[in-house]
Amino acid sequence: YGGLDDYLEEYRQGTLSQEAKTIYEVLLERGPLPTTHLRRYANLWGGGETARRFERAITELQVGFKIVKSGISDVSRWGYAYVYDLFLRRYTDVPAAARSLSRQQAMENILVQHLHNVVAVPEISLLRLFRWEIWEWERLRASLRARKILRALTIEDTGEEWLTTGRFVEEYLAQDDRLS
């Protein structure tokens with residue numbers, strides 16, 4: 001992985017939707033675009049099912065590290081729209097740096113960074129977000145918990161269990177008795 005045309009192999013294998021392929025190709029050809037223009041050029045303009053297909057494809061491409069939000073534009077009627085670009089065009093050094101990582105290491109880095117960003121999240125939300133195979137997730141979770149990198153918190157007010165980093169627990173657990 002690491003070439004701008006790698007998406008074609010995923011499409012041939014059936015792991016990339018037609019809408020995602022179209023959006024990727026629009027960005028590949030035209031460069032960074034605000035959402036409004038991207039919808040138009042990808043022929044996914046409008047509401048209802050078309051809007052849902054566009055949003056699913058955008059999510060698919062972001063989860064797969066194929067596109068990123070690279071800015072904000074005022075071109076829409078609301079005066080606010082995300083600008084998307086190809087991940088590999090925006091972050092050209094990432095493929096070379098990532099080649100030395102195993103899949104497990106990459107998943108660990110992504111998960112820990114995400115938890116650092118959001119602090120804590122229910123496990124089901126992580127499963128929906130990353131869409132990793134359940135056996136991979138279970139192996140990753142067990143490894144991170146054994147090393148105390150991943151911790152579970154029970155939020156007293158709700159009784160829900162959320163996942164966070166061991167670092168967060170160490171730094172803040174003593175400061176807030178609602179966390180246990």
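The values are calculated or read from the model by the stated rules, or taken from the named source; none is laboratory data. Treat the numbers as computed from the prediction; the structure is a model and nothing was measured. As a convention, Cβ positions derive from the backbone with ideal geometry for all residues, glycine included, and neighbour counts pool all protein chains shown. Remember, those area values only see protein heavy atoms, side chains included, never the ligands or the DNA or RNA. Shrake-Rupley method; radii C 1.70, N 1.55, O 1.52, S 1.80 Å.
Summary of values
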quantity	calculated
Nitroxide proxy distance, nm - points 7 Å out along Cα→Cβ at GLN113 and LEU127	2.5 nm
Along each principal axis, Cα extent of the stretch 1-140, largest first, Å	44, 32, 27
Mean Cβ neighbour count within 10 Å, used as a protection proxy, ranking 127-133, 148-154, 45-51, 23-29 highest first	23-29, 148-154, 127-133, 45-51
Mean ellipticity per residue at 222 nm, deg cm²/dmol - from DSSP H runs of n ≥ 4 across the chain, formula -39500 (n - 2.57)	-15500 deg cm²/dmol
For the stretch 117-122, 3J(HN,Hα) per residue [Karplus equation, 6.51 cos²θ - 1.76 cosθ + 1.60, θ = phi - 60°, Hz, x = Gly/Pro]	6, 9, 6, 8, 7, x
Amide H contacts under 5 Å for SER76, placed H, 5+ residues apart	ALA81
Distant-in-sequence amide H partners of TYR84 (H built 1.01 Å from N, under 5 Å)	LEU33, THR35, SER70
Rounded accessible area per residue of the chain, 1.4 Å, Å²	61 Å²
Accessible carbon and sulfur surface of the chain relative to its total accessible area, %, 1.4 Å	50 percent
Shape of the stretch 79-167, Cα gyration tensor, a/c cut at 1.5	oblate
Under the Karplus curve 6.51 cos²θ - 1.76 cosθ + 1.60, θ = phi - 60°, whole-Hz ³J(HN,Hα) for the stretch 139-152, x wherever Gly or Pro sits	5, 4, 4, 4, 5, 5, 5, 4, 8, 6, 7, 10, 10, 9
